[in-house]
1. Could you put 422, 374 in order, starting from the residue whose Cβ has the fewest other Cβ atoms within 10 Å?
2. Could you line up 99, 254, 330 from fewest to most neighbouring Cβ atoms inside 10 Å?
3. For segment 187-192, in order, what is each residue's ³J(HN,Hα) by Karplus, 6.51 cos²θ - 1.76 cosθ + 1.60 with θ = phi - 60°, in whole Hz (x at glycine and Pro)?
4. Show me, for segment 297-304, the HN-Hα J-couplings you get by feeding each phi into the Karplus relation (A = 6.51, B = -1.76, C = 1.60, θ = phi - 60°), rounded to Hz, glycine and proline as x.
5. Can you list the residues, at least 5 places off or on another chain, whose amide H is less than 5 Å from the amide H of residue 413, using H built in the peptide plane?
6. Please check which bits of segment 372-387 a label hung off residue 347 would reach, taking the label as a point 7 Å along Cα-to-C-beta and the cut-off as backbone N under 17 Å.
7. Can you sort 102, 241, 420 so the residue with the fewest Cβ neighbours within 10 Å comes first?
8. Tell me which residues come under 5 Å, amide H to amide H, from residue 69 once H is placed; ignore anything under 5 positions away on its chain.
Amino acid sequence: MTDLLTGPDTVAQERRLVTELPGPRSRELAARRAGAVTSAVGSVLPVYVERGSGGVVVDVDGNSFIDLGSGIAVTNVGHAAPEVVAAVQAQVAAFTHTCFMVGPYEGYVAVAEELNRLTPGDHEKRSALFNTGAEAVENAVKVARVATGRSAVVVFDHAYHGRTNLTMALTAKNMPYKHGFGPFAGEVYRVPMSYPFRDEAGMTGEQAAARAFDLIETQIGAANVAAVLIEPIQGEGGFVVPAPGFLPALTDWCRRSGAVFIADEVQTGFCRTGAWFASEHEQVVPDLIATAKGIAGGMPLAGVTGRAELMDAVHTGGLGGTYGGNPVACAAALATIRTMREHDLNAAARAIEATMLPRLHALAERTGVVGDVRGRGAMLAVELVEPGTTKPDAALTNAISKACHAEGVITLTAGTHSNVLRFLPPLVIGQDLLTEGLDVLDAVFDAHAGK
C-alpha cells in the first residue's frame, strides 16, 4: 500500500477529532438540510464533508476521519487523486459538454478502448458509456434482450442492481430500495445464490448452480432466458462470495442455453478485489459487463462492455443519454485508469487484504459475534450474528458502525438483514492509517461485544 497519491498540498493522513460529533458547523448544515432536502434521502454520517485526500475525509468543523468506505467503492484511487484532479481541471477548461450523440469527442472513444482492453476475454468488444451503475445494468439488459430476442432475466437472492424501475425489480431487498415503489418491470425471475455461510454445509459451487438451473429450467424455460445477471461478489447483499465453481457453472449454462451472461461489476470493478474485475478470480469471461463507481475517481461515469456482436445488435440510437460519457468524467476515468496501472493498485488491494483478513479473523475469534469473515482484496466484510447462532444481529451491526463513526472511522453496513459490516478502503490508504482504523474497530467491538 502507498500514501504517495495524496499530493504535496493536501490534508494530513491522520485521524483527528477536534470537536464533538457532529460539530457546530455540521449541526448548522443539518438544520438547513431539514428545510431544503427531502427526508427520503438519508446519510450515513452525521457530519458534513469539506474536503478529502487519499484515505482521509475532513468535515466542516475540522475533524479528520479514516475512510474505510470510499464513497461506496468509488474513490479507489483515493480522495482528490492528483492525476484525476489535473485531468478534470484541464478538461473543464477545454469544454464541459457537447453530448456525444451530438458532437462526439476523443475522450469517450478512449475510455471505450480502455474498457475493451481491460475487461476479461480477448474477443472483439464494443462499449457504451452512461452515468450510473443502474443505467449500465439496465442497458446491459436491453442489449441482451435485443440480441437474443428473448425477454426473461434471471437474478439472484441478495442481489442489488440499482434504483430505477427495472433495477429495483432486479434487486432483492425490499427496504429501503423497493418498498412502495411498484409495480415493477416484468419478466424478472429470482433464484438462490451460492451463499456459503448460509447454504447447507458442504454445498459446492456446482451444486448451488445446479439448484438454480433446476428452477430456471422448470419455472422459466431455458429457451426464454435472455440473460443471467449476477454480481461476482454481491455488494449491498452483504459481500457474499459464491463458492468456487458457481460462476463458471453459470457461464457454461448460458453458453449451452443461448443466454447472455452479464456480470454486474459496478462495485467489484477497477482493482477493488485485487484484480481489474472480480470475474477474473475464476477466469470467468462475461458476455456483457456493467461498470461504474471506481471507474472515474469520483466523477459520475458508467459503462457496458461486451461482445461486439451483442453490443452491435442494437439499432443505431437505441443506446445513449444526454450526459452519458460526459467529457469531464471521461478525462477523470482515463486518469484513474492510468493511476491504477502505474501504481499497481491491484497489488495494493491484495496488500490491504493481507493486513485486514488476519485482524478480522482474530476479532471474530475473540468476540464470538462474527459468524463469517469474507471478501477479496479491499472488499471485505464481517457478518454479525447472535452468539452461538446464525441469527442476524442488525442492532449490533448498526451500533458498532455508529460507534466507529464517533471515533473517527467511516464504516458502512450491508446485507439483506442489515447485519454485515463492510470495508472498502481507498486502495492508496497508508499502512499506518489502515492499522489505526483496525485498532479503532477492535476497541469498538470489545466495548460492544467483547466477552
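1. Details: 422 25, 374 20.
Ordered by Cβ neighbours within 10 Å, fewest first: 374, 422.
2. Values: 99 16, 254 20, 330 27.
The fewest-first ordering by Cβ neighbours comes to 99, 254, 330.
3. Karplus values, whole Hz, x for Gly and Pro: 6, 10, 10, 10, 10, x.
4. Residue by residue, segment 297-304 yields x, x, 8, x, 7, 8, x, 10 Hz.
5. Close amide H contacts, sequence-distant or interchain: 422.
6. The answer is 377-378.
7. Starting with the residue having the fewest Cβ neighbours, the order is 102, 241, 420.
8. For residue 69, the qualifying residues are 424.
Read-outs throughout are calculated quantities, based only on the coordinates presented, and are distinct from any laboratory measurement. These figures come from a predicted structure and were not determined experimentally. Using ideal geometry, Cβ is built from the backbone for each residue, glycine included, and neighbour counts are taken over all protein chains shown.
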